[in-house]
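Structure first, commentary second.
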Protein chains: 2
Amino acid sequence: MSSNALKIIPLGGFGEVGKNMMVYEYGKNIMIVETGIMFPENDMLGIDYIIPDFEYVKERKDLVRGIVITHGHEDHVGAISHIVEEIDAPIYAAPLTRGFIEVKLSEANLLNQATINTVNAGDTEHIGPFEVEFFHVSHSIPDTLGLGIHTPEGLVVHTSDYKFDPTPVDGWPSDFAKLAEFSGEGVLALVADSTNADKPGWTASEKVIDDGLDEVFSETSGRIIVASFASLVSRMQQVADAAHRHGRKMAFVGYSMKKNSKMARDLGYLDLPGDLIVGLDEALNMNPKKVVLMATGSQGEPYSIMGRLSRGTNRRFDLLEDDTIVLSSRTIPGNEEVVYKTINRLFRRGAHVIYEDLAKVHVSGHARQDEMKLMINLVKPKYLVPMHGELRHLKQHAALAKEIGFSDQNVQVIENGQVLEFENGKMQTKERIPGGYVFVDGSRVGDIGPSVVREREKLSQDGVVLISLVLNQSGRLYENPDIISRGFVYKHGDKDIIEQTKAKVREVVDRSQGDLHNDLIQTIKSFLYSKTKKRPIVLVTMNWV
Amino acid sequence: MSSNALKIIPLGGFGEVGKNMMVYEYGKNIMIVETGIMFPENDMLGIDYIIPDFEYVKERKDLVRGIVITHGHEDHVGAISHIVEEIDAPIYAAPLTRGFIEVKLSEANLLNQATINTVNAGDTEHIGPFEVEFFHVSHSIPDTLGLGIHTPEGLVVHTSDYKFDPTPVDGWPSDFAKLAEFSGEGVLALVADSTNADKPGWTASEKVIDDGLDEVFSETSGRIIVASFASLVSRMQQVADAAHRHGRKMAFVGYSMKKNSKMARDLGYLDLPGDLIVGLDEALNMNPKKVVLMATGSQGEPYSIMGRLSRGTNRRFDLLEDDTIVLSSRTIPGNEEVVYKTINRLFRRGAHVIYEDLAKVHVSGHARQDEMKLMINLVKPKYLVPMHGELRHLKQHAALAKEIGFSDQNVQVIENGQVLEFENGKMQTKERIPGGYVFVDGSRVGDIGPSVVREREKLSQDGVVLISLVLNQSGRLYENPDIISRGFVYKHGDKDIIEQTKAKVREVVDRSQGDLHNDLIQTIKSFLYSKTKKRPIVLVTMNWV
């Protein structure tokens, strides 16, 4: 392997390839693009989130010249504090993305460890041997940047997540002119979003959501509660606009919704009339037909506001007769079952529930097949490297390229950890390096000690303790908690530690008023540490009967 | 509650309402409609399938005058042997459905215990006080019957699963004339399929699959492997027709595929040219471009042929370069994650994979919104009782009815176990009875002793033993098996029974050549019974590293 070749390595990603972290490497220089998180699959009991295995860059930390974050969604920015803990390199991000980064870093007490450079579409930065031109792409969050990466081996165009929405919420479509300009220079490789490669046609514009919301709002006589992601800033704007059009006030509910909407508003990315936004208390005391609440929980997470409303266990407020709940976000694959269960529960409690099948209350933020072909035709790259999406999407993206004239040699589908090398205008696959993922357990802000990232190898040191609870509908234990541990070694004199842990679990269940899952994890972790000086990963599974 | 009222009670169903069993009751007479099974959700570890809790009819077994099965799909017929074990009443079914019933009953050694009456569309049977007119509806299996149930309280039209496909595979559309005739008589209540109530428009005809298959077949130069359900007889016909059109031979692969196709062919429901069908051995020795294999495993089940091909662990044959796999069935909700993982694995092993998003290789067997409205308008019932589907679908079906003029009083959404009563032309909801479900574990044909149905209460007697394995890619144990039990009581002297069980598990893993999951369950069950005289439910979870 030549040290003067350009290497492209998708590193992070669980299921999806290169989604959460990619490495561009030339000689003794590395540029990281994205530091995102993944959400656990169904068989990953109790895991909170997952970060890329970035051992490869940790071992080469002195070579890292910069970290580029293209936009503020969790799967691109969520792991930033884990990376900043290990790697000292300047971060490059657009203003809104910077806002999300700063929130995360300050929660992890790492804000003063990081150097962040604000970049805007149109700017150029030199990051090691790479001259990076940032250009605008439209996506479901403002300030998304594509990258024109000028390398000694040629120009690589990295699309990030994009679509060619002609009427995006912020009125700023993807930069066709810049893509054509790149094409004029000659593009070595296009590294492009494949998420919707199995969807024909063109993704509907965000604009259709305005009509969808209008329809819901005009048919609704009660309170409206919109569930979405806390990073979907464009959707906040659209819901606020709909509230305004229909003479309703709006309240953001929940920690992350409030925090992110405030940040986006302070930075000028949310345009909200002064008297539109009210506090939750005020909203709850108003005429229901004059109110919109916006909250998280669109994935049916049991401890989210939607999860609690569906079970009747929300503390601040309960469902009212005639409430309409709008799920305005996609269902993350694997969550279908729990989302539909939550919808059924909400219906059972008397709410109307509007979801994507019933009205245009969500559209994808990613290009579909015709847009992908347009991207290829605009950029005219020598090589196409499908990225973002599962293997089946990458394969389909490759098939689309072949339909419009690419040869087998000019498209390369690779998976996480696969090194792709460009030298003298030729593309070759090289060795495979670890490109997996690392589980992160329930440690949170406020946890004593540094933020805890446990890699798989560490499992064999401190092990894992699994607490399995069966609760009845009133939140009491239905039977004794079950505890199993694996790889968790404790001193010989502490044989009854499992019994003591069970007693501790019972105590927490009895006294917890709020987030039982989190309370259990925090208490049991402290307890086990005090007894064993080990920090096993603590998993809690709960079932209700 | 009057004993001279008509009662309608949806009994079985997990998530879906009234899908797997319904009760029609008048005075001291009960008619059961359907005896289906459900498939487990993600959090039901190791459960093979689930049957309706039919305690209500068991307690009234002397009142049961008949059991009507409307068609041969698993969610309508799969639990027949469990019901026949407990209830002695004549079964009514169309010829093909009878074929499926007989296969199940003979596997359970119950065929001589059951009286089965063959009925055809157009026939009328007296079942207790009910005069049941059977009429044809089109669905994704031939011989599906709707029911016109003449009761002392009035006529109830029970649609079963249906769609208004103008060009079904068997050329026999739903019986519009009969529906109009019912309407002329005056219909008290319409009990109708709600499965696709959140889908606009009209379900595409099965005919489009012919085009979809033609497209795939004409673009494929290698072997074609079609994955579907073993009860999807219409799909077998369509794949066979496509094979014939494109000059390929076809082999059915796997026990249930072979058995069901033979049965359907013997009964005249599969029209296969004499030389089209070949055995698997012959097929494997032919030129790959001349062969179609049809197998199960469209849900990504690890031990199905598709699951094994995706891991490279299939014994009879492996994937060939240029194999094309067609998933010609819907993904059961909750299975999305495992299905997509299997697709990715198949791609990784070099296969082309065609699934519903990529080509018209599957359509739903259920009516969509416009067809549901048509059904209501044809039948003109006084009351609508939405059935089949989750609560969200029933609610949406009710909303559709209100769009076309129904009042709140004339539509009643009920859930499993809710008694609905009709008396003097008035509909009322009455008491709620247990309408849940019962897990069935891995007991299979050939298991010594009677087929084992363990109800939830029984769990507290014999308990459950969970064996958790982590295997490496070559099928060896990656670490010691983990065993937890709950409610499983063993004699005091047998303290080390868990250790002995672990040794047994290791032994089975070392020697198993085939279906490890099943081998483990059978061996451990026998072992535990020999040691404890208890029959705990044995669950096995496997993970691969």
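Remark: spin-label model distance residue A:63-residue B:377 equals 6.9 nm, labels positioned 7 Å along the Cα→Cβ axis. So if we plug the beta-carbon distance of residue A:433 and residue B:476 into 1/(1 + (r/R0)^6) with R0 = 22 Å, what FRET efficiency do we get, rounded to 0.05? Efficiency, rounded to the nearest 0.05: 0.30. One quarter of the surface of the convex hull around the alpha-carbon atoms of the range A:181-245 equals 7.5 nm², the direction-averaged projected area. With its label point put 7 Å out from Cα toward Cβ, residue A:166 sits 3.2 nm from the same residue's point in the other copies, in order from shortest. With distances taken between every two different alpha-carbon atoms, the protein assembly as shown has a Kirkwood hydrodynamic radius of 31.5 Å.
Counting every other Cβ atom within 10 Å of each residue's Cβ, A:391, A:471 order from fewest to most as A:471, A:391. Kirkwood Rh over Cα pairs of the range B:387-426 into Stokes-Einstein at 4 °C, 1.567 mPa s: D in µm²/s? Answer, rounded: 116 µm²/s.
Note on the protein assembly as shown: with charges restricted to the Cβ of Lys and Arg (+1) and Asp and Glu (-1), its dipole about the Cα centre is near 2320 debye. With a ≥ b ≥ c taken as the square roots of the eigenvalues of the C-alpha gyration tensor of the range B:99-140, please select rounded if a/c is under 1.5 and otherwise prolate if a/b is larger than b/c or oblate if it is not? It comes out oblate by the Cα gyration axes.
Shown for the range B:47-145 is the translational diffusion coefficient from the Stokes-Einstein equation, using the Kirkwood radius over Cα pairs, a temperature of 20 °C and a viscosity of 1.002 mPa s: 153 µm²/s. Please work out whether the range B:202-325 counts as rounded, prolate or oblate from its C-alpha gyration tensor, where a ≥ b ≥ c are the square roots of the eigenvalues and a/c under 1.5 means rounded, while otherwise a/b larger than b/c means prolate and anything else oblate? Since a/c stays below 1.5, the shape of the range B:202-325 is classed as rounded. Here is the size of the range B:107-264 from its Cα atoms: Rg then Dmax, 19.2, 62 Å.
Sorted fewest first by neighbouring Cβ atoms within 10 angstrom, A:151, A:124, B:324 come out as A:124, B:324, A:151.
Beta bridges from DSSP with both residues in the protein assembly as shown: antiparallel share about 50 percent, rounded to the nearest 5. Label-point distances for residue B:479 to the equivalent site in the other copies, using a point 7 angstrom along Cα→C-beta, read 2.4 nm when ranked shortest first. Pairs spanning more than 22 Å between alpha-carbon atoms, out of A:178/A:380; B:289/B:341; A:207/A:259; A:199/B:360; A:104/A:258; B:7/B:163: B:289/B:341; A:207/A:259; B:7/B:163. Our estimate of slack between residue B:117 and residue B:282, defined as 0.36 nm per intervening residue step minus the Cα-Cα distance, is 55.5 nm. Counting only DSSP beta bridges whose two residues both lie in chain B, roughly 50 percent are antiparallel. Contact order for chain A, expressed relative to its length and based on alpha carbon pairs under 8 Å spaced 6+ residues apart, stands at 16 percent.
Less than 5 angstrom separates the built amide H of residue B:468 from those of B:482, B:483, B:484, B:541, all sequence-distant by 5 or more or on a different chain. The label-point distance for residue B:531 and residue A:519, in a model that sets each label 7 Å from Cα toward Cβ, rounds to 3.9 nm.
Projecting 7 Å from Cα along the Cα-to-Cβ direction, the label point of residue A:511 sits 5.4 nm from its equivalents in the other copies, listed shortest first. Projected label points at residue A:262 and residue A:315, each 7 Å from Cα along the beta carbon direction, are separated by 1.8 nanometres.
Per residue of peptide A:331-342, the mean number of Cβ atoms on other chains within 10 Å of the residue Cβ is 4. The ranking of A:195, A:429 from fewest to most other beta carbons within 10 Å of each one's beta carbon is A:429, A:195. Specify the inter-centroid distance of the range B:267-285 and the range A:392-416, based on alpha-carbon positions, in whole Å. Each part reduced to its Cα centre gives a spacing of 36 Å. By its C-alpha gyration tensor, with a ≥ b ≥ c as the square roots of the eigenvalues, how is chain A shaped: rounded for a/c under 1.5, else prolate for a/b larger than b/c, else oblate? Here chain A falls in the oblate category.
Computed from the coordinates by the stated procedures, all read-outs in this text should not be read as laboratory data. Quick caveat: nothing in here was measured; it's all calculated off a predicted structure. Positions of Cβ are backbone-derived with ideal geometry, glycine not excepted, and every protein chain shown enters the neighbour counts.
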